[in-house]
Amino acid sequence: MKRNVDFKDISDGKLYSSNDMVRADCHNCEGCSACCRGMGKSIMLDPFDMQRLCKGLSVNFDGLMERYIELHAADGMIVPNVKMDGQEEACVFLDAGGRCSIHSFRPGICRLFPLGRYYEGDGFRYFLQIHECRKKDRGKIKVKKWLDTPDLKAYEQYITDWHRFLTDCQEAAGTLDGEKVRILNLYVLRTFYQSEYKTDDFYKEFYTRLSQARETLGI
Ligand code: SF4
Ligand code: SF4
């Protein structure tokens, strides 16, 4: 999602790669669950998150839609996000002790926080969101350790390619009438989110779908 903010107002002014040290380590979030509450629709899910959630919870897309996720429009495209629930608007995955009940398969945005992604050229780098995390005594940690994501190189390439595809779809949607935008959105949802990923090789399946989608959509 695009954010209309000045980079220097929300960050420490630095951009980080996965091998850099960054002051993001909030010591296992002890006693705090602030960023798992009141997050609105901002815990957006990409297809890899969807596959991780379906596998971890042993449900399909419809099962997730029944309890855990919802759809919203972001820059013209429909994107799934994790639901917030109840008076406190707590994430549906937050347990009674204020801990994440799906920690081992939590979405990419949750792994990233309080870092963000800054897209530039053919990729992205990370930045530290200085106003977001409540812990004031955060320690330094290597970005790749903080992300806790296997095969990070492949993941980062996938994030870049998915971001580029969504951006291309958003640009295409801006030139289409309402009915065609609806058809485009249904196609992207069905292709990348609803259709089950059948093997453990997510990236291989994703790239097959991506090249078919680009051919079908002509983008
Ligand atoms: S999925 Fe887990 S880490 Fe992410 S907002 Fe929900 S409870 Fe917090
Ligand atoms: S605000 Fe910071 S310390 Fe609190 S739950 Fe979020 S990441 Fe952890």
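Things worth noting here:
- In the stretch 14-48, the residues that are within 11 Å of ligand 1 (Cβ to nearest atom) and of a type in the set (Lys, Arg): 37
- In this structure, residue 159 does not qualify as surrounded by 13 or more Cβ atoms within 10 Å (Cβ to Cβ), touching a residue at least 12 places away in the same chain (Cβ under 8 Å) and not in a helix (DSSP H, G or I).
- Residue 94 being touching a residue at least 24 places away in the same chain (Cβ under 8 Å), open to solvent by less than 20 Å² (accessible area, probe 1.4 Å) and within 14 Å of ligand 2 (Cβ to nearest atom): no
Yes or no, residue by residue, for (1) without any contact (Cβ under 8 Å) to a residue 60 or more places away in the chain; (2) open to solvent by 70 Å² or more (accessible area, probe 1.4 Å); (3) more than 8 Å from ligand 1 (Cβ to nearest atom):
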residue	(1), (2), (3)
80	no, no, yes
86	yes, no, yes
100	no, no, no
118	no, yes, yes
122	yes, yes, yes
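- Boolean, residue 126 is over 30 Å from residue 13 (Cβ atoms), at pLDDT 95 or above and aromatic (Phe, Trp, Tyr): no
- Positions within the stretch 102-115 being among the β-branched types (Val, Ile, Thr) and either open to solvent by less than 20 Å² (accessible area, probe 1.4 Å) or more than 8 Å from ligand 1 (Cβ to nearest atom) (or both), in sequence order: 102
- Pairing each residue of the stretch 188-205 that is more than 14 Å from residue 53 (Cβ to Cβ) with any residue that is among the β-branched types (Val, Ile, Thr), provided the two are 6+ apart or on different chains, yields C-beta distances under 7 Å for 189/78; 205/199.
- Only residues that are within 21 Å of residue 171 (Cα to Cα) and open to solvent by 30 Å² or more (accessible area, probe 1.4 Å) were counted in the stretch 192-206, giving 0.
- Within the stretch 140-155, not a single residue is part of a helix (DSSP H, G or I), open to solvent by 30 Å² or more (accessible area, probe 1.4 Å) and closer than 17 Å to residue 73 by Cα.
- Here residue 164 does not qualify as within 15 Å of ligand 2 (Cβ to nearest atom) and free of Cβ contacts under 8 Å to residues at least 60 places away in the same chain.
The values are calculated or read from the model by the stated rules, or taken from the named source; none is laboratory data. Remember, predicted model here, so these are calculated numbers, not experimental data. In this analysis, Cβ positions are derived from the backbone assuming ideal geometry, glycine residues included, and neighbour counts consider all displayed protein chains. Calculation scope for accessible area: heavy atoms of the full protein, side chains included, ligands and nucleic acids excluded. Shrake-Rupley method; radii C 1.70, N 1.55, O 1.52, S 1.80 Å.
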